[in-house]
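Just so you know, all these numbers are worked out from the coordinates, no wet-lab data involved. Computed from a predicted structure; not experimentally measured. A quick note on method: Cβ atoms are made from the backbone with ideal geometry, for glycine too, and the neighbour counts reach across all protein chains shown.
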Amino acid sequence: MVTTEDVYGALRAVMDPELGSDVVDLGMVTHVDIDGGDVEVGIALTIAECPMRGQIDAETNRKVGAIPGVERVKVVTTAMTKRQRSELMETARLRARERAQPTRVPTQTRVLAIASGKGGVGKSTTTVNVAAAIADLGFRVGVLDADIWGFSIPRMLGTTDRIEADEAALMIPVEAQGLQVVSTGLITEDEGTALMWRGLMLSKALEQFLTQVKWADDLDYLLIDMPPGTGDIQMALSRLLPQAEMVVVTTPQQTAQRVAVRVADMARRSHMPIIGVVENMSTFVCDHGEEYALFGSGGGQQLADELAVPLVGSIPLDTALVSGGDDGVPPAHHSPDSPSGLEYRRTAAELVKLVPPLEDETCVGRMAKLLESL
């Protein structure tokens, strides 16, 4: 007698070549009906016109037809609902993360992706200053500029050095402000050179920065300055660095906050934890100490509440922050007593508390954090 277990066992050898997993794991099998030697298998495809339909049909017939006792196989294909497609893609992303190729980022390194759904909210400024502040706490910190087109990290750190390779053809990060730094801005001829690369080249560039860079073995933290949006780079990162965790940057404006929700949604659908929100440009502090809410108020806290994560920092605008970005002197390191410098240092301390170095993370510590969250 042919059993349902026999059929499901055979179907585990039927792969969706695009998604890289079998139809059972992906939840594509809708039903299995057995009547003596006749077997009917239901397969839900992502879309009715799926180009892989013929191949999946043929593989299903061949694998199930090879089971002893099976005489005829009928494959019934249907199109998935929107909800089924969403669940399938979530499963596929999880499988891709589990099969991620090894990178040269040390396994004990904490990876923080500094991200937002739009440009102009201060991701690069946040990345540079938080990295500098964490380094000032005594940790070994790296900065990866994943904004391949719009790189700005080299200028913000005041470096014009070029990335070189060692005898093994591995790229050596540039040292700047006590940080290990990698950016396309350290490879191009000058910062005015336009990189006219398309999607695949962008994700390949990120892959090279993770697999062909000789990051320090004792790297405690790697902060990644993400490009705006939810495209190729973001998806490649979630696949290549399963240990990455996201910090979402927004401004107090509701417009920016609503766009930032999208990158948070992408992170969660890609199984990337979100650890906190940073509200940038929360106020403007003039030289006389007066504070003005130029961009409104409350957007950062509202976003943090919606994502159920803490608001780890509210960064004010001040003259030290504005000039520091142009002059390559991050206020978190060079002007620690300025309003922005103080808040960046407080933000860094909060992030280190939320995501401590792995050597400081014990089972008891994890249990304590879990109990606190209940």
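By how many degrees, between 0 and 90 and to the nearest 10, does the Cα long axis of helix 53-65 differ from the longest principal axis of the chain? With both axes taken from Cα atoms, the answer is about 50 degrees. From most to least packed by mean Cβ count within 10 Å, the peptides 103-110, 218-225 give 218-225, 103-110.
Normalised by the number of residues in the chain, the average gap of Cα pairs under 8 Å and 6 or more apart makes the relative contact order 17 percent. For the chain, what is the calculated [θ] at 222 nm in deg cm²/dmol (nearest 500), taking -39500 (n - 2.57) for each run of four or more DSSP H residues and dividing by its residue count? So the calculated ellipticity at 222 nm is -11500 deg cm²/dmol.
What size of dipole, in debye to the nearest 20, comes out for the chain about its Cα centre when the only charges are +1 on Lys and Arg C-beta atoms and -1 on Asp and Glu C-beta atoms?
That gives the chain a dipole magnitude of about 880 debye.
Give the calculated FRET efficiency between Ala216 and Asp327 to the nearest 0.05, with a Förster radius of 25 Å applied to their Cβ-Cβ distance. Efficiency, from the Cβ-Cβ distance: 0.40. Convex hull over the Cα atoms of segment 45-91, averaged projected area in nm²? Dividing the Cα hull surface by four gives the mean projection, 3.9 nm². A simple packing score, the average count of other Cβ atoms within 10 Å per residue, orders the peptides 6-16, 134-144 as 134-144, 6-16, with the highest score first.
Once R0 is set to 56 Å, what does the formula 1/(1 + (r/R0)^6) return for the Cβ-Cβ distance between Glu164 and Asp35, expressed as a FRET efficiency to the nearest 0.05? With a Förster radius of 56 Å, E is 0.25. Model label points for Glu90 and Ile47, set 7 angstrom from Cα along the Cα-to-Cβ axis, are 2.3 nm apart. Once both labels are positioned 7 Å from their Cα atoms along Cα-to-Cβ, the gap between Thr319 and Glu306 label points is 3.6 nm.
Peptides 327-336, 157-166 ranked from most to least packed by the mean count of surrounding Cβ atoms within 10 Å: 327-336, 157-166.
When the Cα atoms of segment 110-373 are aligned to their principal axes, the ranges along those axes come out at 52, 45, 36 Å in descending order.
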